[in-house]
Amino acid sequence: ETWTEESDVEGSHVTSFERKPIESVTSLRREAELVWRYKKHLESQGHEIKSRKIYLAGAVQPLRVDLFDTTTEELCEAKGSTTRVQVRYAVGQILDYGRHVEHRTLSVLLPTRPADDLVELLQGLGIACVYESKRNLFKRIEPYNPWA
């Protein structure tokens, strides 16, 4: 049986991380700080920001969603870099989490605007691309609307 639970967003003060062999500690720290800034940005607009833990039958540890905007019901996965590998990793995670957490929209949070091809990848999959254009200033590129 699978179940989820609301939790607080991890901040840049977090000292331990789920080990991700392809990511360096520096990248994880950068990601945590980016998440924290985006959380503060959304909260300044009146949004309530949480996280979600997903408990899967037989799994040792729960899956952890980086951000869940309870105001807009958006699931968001963050990455500390905009490489193709990291964007694809984020896509896999957000689509996986989306199977278990009820949501209206999906987004990937990145430190800078990724290459156009990666923006198009996200848009084509129905995932918004959110990136930090200047410190504490975030831009959003909406996914393609198949009904337009």
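The values are calculated or read from the model by the stated rules, or taken from the named source; none is laboratory data. If you're wondering where the values come from, they're calculated on a predicted model, not measured in any experiment. Glycine gets a Cβ as well: all are built from the backbone with ideal geometry, and neighbour counts include every protein chain shown. For the accessible areas, the whole protein counts, side chains as well, though only heavy atoms, and no ligand, DNA or RNA atoms are used. Shrake-Rupley method; radii C 1.70, N 1.55, O 1.52, S 1.80 Å.
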| message | I'd like the carbon and sulfur percentage of the solvent accessible area for the chain, probe radius 1.4 Å, heavy atoms only, ligands and nucleic acids excluded. | response | 49 percent
| field | Most fluctuating residue given options S107, S24, S133, as computed from a GNM of the chain linking Cα atoms under 10 Å | value | S24
| task | Sort out for me the Cα centre separation of region 98-121 from region 53-93, rounded to whole Å. | result | 10 Å
| task | Could you work out how far apart the two model spin labels at Y55 and A115 are, taking each label as a point 7 Å from the Cα in the direction of the beta carbon, and quote it in nm? | result | 4.2 nm
| query | When all alpha-carbon pairs of region 1-143 are counted, what percent fall beyond 19 Å? | reply | 48 percent
| Summed residue charge, Cβ within 11 Å of T105's Cβ, Lys/Arg positive, Asp/Glu negative | -2
| What residue among G124, G80, G98 has the largest mean-square fluctuation in a Gaussian network model of the chain, using Cα springs under 10 Å? | G124
| query | According to a simple spin-label model (label point 7 Å from Cα along Cα-to-Cβ), what is the distance in nm between K139 and R104? | reply | 2.5 nm
| field | Total charge dipole magnitude, region 50-119, about the Cα centre, Cβ charges on Lys, Arg, Asp, Glu only, Debye to nearest 20 | value | 220 debye
| task | Quote the charge dipole size of the chain about the Cα centre in Debye, to the nearest 20; the model charges only the Cβ of Lys and Arg (+1) and of Asp and Glu (-1). | result | 540 debye
| query | So what does T4 come to for accessible area, using a 1.4 Å probe and Å² rounded to 10? | reply | 60 Å²
| field | Radius 14 Å from Cβ of E5, net charge of other residues (Lys, Arg +1; Asp, Glu -1) | value | 0
| said: For a quick check of your reading of the filter: which chymotrypsin sites (Phe, Trp or Tyr not before Pro) in region 85-148 sit in a DSSP loop and have no more than 11 other Cβ atoms within 10 Å? | reply: W147
| query | Build a GNM of the chain with springs between Cα atoms under 10 Å: which of R104, R52, R64 gets the top mean-square fluctuation? | reply | R104
| note | Probe 1.4 Å, heavy atoms of protein chains only: per residue, the accessible area of the chain in Å² is 56 Å²
